[in-house]
Amino acid sequence: MAGAAPTTAFGQAVIGPPGSGKTTYCLGMREFLRALGRRVAVVNLDPANEGLPYECAVDVGELVGLGDVMDALQLGPNGGLLYCMEYLEANLDWLRAKLDPLRGHYFLFDCPGQVELCTHHGALRSIFSQMARWDLRLTAVHLVDSHYCTDPAKFISVLCTSLATMLHVELPHVNLLSKMDLIEHYGKLAFNLDYYTEVLDLSYLLDHLASDPFFRHYRQLNEKLVQLIEDYSLVSFIPLSIQDKESIQRVLQAVDKANGYCFGVQEQRSLEAVMSAAVGADFHFSSTLGLQEKYLAPSEQSVEQEAMKL
């Protein structure tokens, strides 16, 4: 019927470790989407999130509070947060009653930063699965702090966590390297930025690790981890600086393609735009190069000199 609210809704489930910038991302993406003319509803699913910088359409704190759970059950912050998610999973009728009046909005779900929830605990995955049955099409937007690129060991760890998250959450997935404007505050990158965003030949990282006496003893373990990551060949990243509108736009294009929003009927889209999104390849090299030139100081050594050093 003309004028009826659309039954299919779209959105983003914003996940990632604590401090990776999830709440800041939700604030920045909300303002960007509103500037594009989309109606946006931000849903806070993190009971530990206090002092939210954005207007919250739905807050899980109205259902269950982390402090109350910790006091009543004598749990620490980690156990309390897992209990809160299990409680939400058992009371999804409350969440649906809150979301149904917001049909027609684009949803941003600000999720807890507990890594276990995205790697092996089943509560959050079950919540996302139930939302899919409500015809809510989500893309998991996984934020990782970009400064991990400056340490080869930490970057391999991030790749393992990202891969485990992609396999466990079972949603269309976009990985982001957040806080790109701060990356060089933590040290120099060993390679160009596209090496990290496209997850190119990781054997070079193993060579870097072998130069460290501590990691030299674990070379076989690191080789197996790298082999696992390369065998799946799933993980890649889009660099993000939340203050950079072009960077946010690239992320939004990837998200809209992943959850199918760009193929929807809620906005007028030309056939040419739909077909280009459907069959066109994504080449992020030029955009990654632009971010590298903007936020990373040029290397004083040539590629040949760096290779000789290795």
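The values are calculated or read from the model by the stated rules, or taken from the named source; none is laboratory data. Since the model is a prediction, treat every value here as computed from it, not as a measurement. With ideal geometry, Cβ positions are generated from the backbone for all residues, glycine too; neighbour counts draw on all protein chains shown. Side chains are part of the model used for accessible areas, which takes the heavy atoms of the whole protein and leaves out ligands, DNA and RNA. Shrake-Rupley method; radii C 1.70, N 1.55, O 1.52, S 1.80 Å.
Flag set for L143, criterion: open to solvent by less than 30 Å² (accessible area, probe 1.4 Å) and in contact with a Lys or Arg (Cβ under 7 Å, 6 or more places away or on another chain). Taken residue by residue, segment 15-29 has at least one member that is within 21 Å of the chain's Cα centre (by Cα), at positive phi and surrounded by fewer than 18 Cβ atoms within 10 Å (Cβ to Cβ). Filtering S276, S203, S211 for residues that are hydroxyl-bearing (S, T, Y) and at pLDDT below 80 leaves a single hit, S276.
Taking the criterion of being in contact (Cβ under 8 Å) with a residue 12 or more places away in the chain and more than 12 Å from L202 (Cα to Cα), the residues of segment 213-234 that qualify are F215, R219, Y232, L234.
Each row is one residue, and each column tells you yes or no for (1) aromatic (F, W, Y); (2) out of contact with any strand residue (DSSP E or B) (no Cβ under 9 Å at 6 or more places or on another chain).
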{"position": "P17", "(1), (2)": "no, no"}
{"position": "G21", "(1), (2)": "no, no"}
{"position": "L27", "(1), (2)": "no, no"}
{"position": "G51", "(1), (2)": "no, yes"}
{"position": "Y54", "(1), (2)": "yes, no"}
{"position": "L63", "(1), (2)": "no, yes"}
{"position": "D71", "(1), (2)": "no, yes"}
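Tell me, yes or no, whether segment 63-83 has at least one residue that is within 30 Å of Q253 (Cα to Cα) and open to solvent by less than 10 Å² (accessible area, probe 1.4 Å). No, because not a single residue in segment 63-83 is within 30 Å of Q253 (Cα to Cα) and open to solvent by less than 10 Å² (accessible area, probe 1.4 Å).
S162 meets each of the listed conditions (1) of a type in the set (G, A, S); (2) surrounded by fewer than 16 Cβ atoms within 10 Å (Cβ to Cβ); (3) under 18 Å from L228 (Cβ atoms) apart from (2). Only a single item in (1) modelled with pLDDT under 95; (2) of a type outside the set (A, V, I, L, M, F, W, C); (3) more than 18 Å from M166 (Cβ to Cβ) is not met by Y87, and it is number (1).
Of the residues F215, F155, the single one that is assigned to a helix (DSSP H, G or I), open to solvent by less than 20 Å² (accessible area, probe 1.4 Å) and either aromatic (F, W, Y) or under 22 Å from F109 (Cβ atoms) (or both) is F155.
Matching residues to (1) open to solvent by less than 10 Å² (accessible area, probe 1.4 Å); (2) among the charged types (D, E, K, R); (3) in contact with a Phe, Trp or Tyr (Cβ under 8 Å, 6 or more places away or on another chain):
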| site | (1), (2), (3) |
| --- | --- |
| N91 | no, no, no |
| L95 | yes, no, no |
| K98 | no, yes, no |
| H105 | no, no, no |
| L108 | yes, no, no |
| R133 | no, yes, no |
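Could you please find all residues in segment 179-212 being polar (S, T, N, Q), open to solvent by less than 70 Å² (accessible area, probe 1.4 Å) and free of Cβ contacts under 8 Å to residues at least 60 places away in the same chain?
Of all residues in segment 179-212, those polar (S, T, N, Q) come to 192, 197, 203, 211.
Checking the rest, the ones that are also open to solvent by less than 70 Å² (accessible area, probe 1.4 Å) come to 197, 203.
Listed by number, the list holds a single entry, S203.
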